[in-house]
Amino acid sequence: MTTLRPHDLIWLTNREALAGVDEPWVATVWHPGLPVVVRRDVDGERIPVGVRGIRRDQRAAGWTDATQVVRVVSPEQLVESNDLLRSPFISQPPVQVAFQLAQQAWPWVWGITGSSGYALATGIPVIHASSDLDLLIRAPQPLSRELLLRWQTPLTDALCRVDTQVDTPLGGFALNEWLRDGRVLLKTSRGPRLVSDPWHREE
């Protein structure tokens, strides 16, 4: 099976495949026809996942087993220009901004996460005119500030608020925060760490 990474959407075999979730709303809202999202955490063999409900405040953390995964959609699978153009959500600002980005060539792999990614992957209308667009850049090697500014600068005046997370082998960080401050809170599987170089393991 594909190696699962944070932000991947995965579908599970049945309700029992989702473990460790205590929030009562999950039982009424979630079913195996809906994906859960892979999150950052460590627990031996189990996969850490997050469940989203109908409302913004309905978010729950849980676990599943790799043998229970029947389908995977990664953020980078959601940025094909023709698919975005044919999407029922193309009239929504977040999808329009993503479509504009997809028209350009970038020296990295990128994808759509958050509510826009969820909507594009499922067809469920969880985005609206005032929704943010959450993006992900895969960065196994260090990326130059100049290149990242070329991505970030036009997005500051986009049709909607855009947040880009950069994913390194050590964790993920908010691009605008790093460009602004030179230091950033790196989200790792063992918790957040304040770093200046998100690609270098600082002791």
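The figures follow:
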{"quantity": "Leu34 of a type outside the set (Ser, Thr, Tyr), modelled with pLDDT of 95 or more and assigned to a loop (DSSP other than H, G, I, E, B)", "calculated": "yes"}
{"quantity": "Lone qualifier among Arg201, Arg150 - being part of a helix (DSSP H, G or I) and either under 20 Å from Thr113 (Cα atoms) or of a type outside the set (A, V, I, L, M) (or both)", "calculated": "Arg150"}
{"quantity": "Qualifying residue in the stretch 165-183 (condition: polar (S, T, N, Q), under 29 Å from Ile54 (Cβ atoms), modelled with pLDDT of 95 or more and open to solvent by less than 20 Å² (accessible area, probe 1.4 Å))", "calculated": "no"}
{"quantity": "The stretch 20-35 - residue that is open to solvent by less than 60 Å² (accessible area, probe 1.4 Å) and touching a helix residue (DSSP H, G or I) at 6+ places or on another chain (Cβ under 9 Å) and, of those, nearest to Arg190 (Cα to Cα)", "calculated": "Val21"}
{"quantity": "Of all residues making up the stretch 104-139, the number that are touching a residue at least 12 places away in the same chain (Cβ under 8 Å), part of a loop (DSSP other than H, G, I, E, B) and under 13 Å from Trp151 (Cα atoms)", "calculated": "3"}
{"quantity": "Single residue of the stretch 154-198 satisfying the filter (part of a strand (DSSP E or B) and of a type in the set (Lys, Arg)) that is farthest from Leu135 (Cα to Cα)", "calculated": "Arg193"}
{"quantity": "Residues that are farther than 13 Å from Tyr118 by Cα, touching a Leu at 6+ places or on another chain (Cβ under 9 Å) and either open to solvent by 80 Å² or more (accessible area, probe 1.4 Å) or among the hydroxyl-bearing types (Ser, Thr, Tyr) (or both), drawn from the stretch 66-78", "calculated": "Val70, Arg71"}
{"quantity": "Tabulated pairs, the stretch 22-46, first within 19 Å of Ile124 (Cα to Cα), second among the β-branched types (Val, Ile, Thr) and assigned to a loop (DSSP other than H, G, I, E, B), C-beta under 8 angstrom, 6+ apart or interchain", "calculated": "Val29/Ile54; Pro32/Thr13; Leu34/Ile124"}
{"quantity": "Filtered residue count, the stretch 79-99, keeping only those that are assigned to a helix (DSSP H, G or I) and open to solvent by 20 Å² or more (accessible area, probe 1.4 Å)", "calculated": "8"}
{"quantity": "Of the criteria (1) more than 30 Å from Phe89 (Cα to Cα); (2) in the same structural domain as Thr113 (by the TED database); (3) at pLDDT below 95, which one Thr156 fails", "calculated": "(1)"}
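The values are calculated or read from the model by the stated rules, or taken from the named source; none is laboratory data. For clarity, every value in this text was computed on a predicted model and none was experimentally measured. With ideal geometry, Cβ positions are generated from the backbone for all residues, glycine too; neighbour counts draw on all protein chains shown. Just the protein is used for accessible areas: all its heavy atoms, side chains included, with ligands, DNA and RNA removed. Shrake-Rupley method; radii C 1.70, N 1.55, O 1.52, S 1.80 Å.
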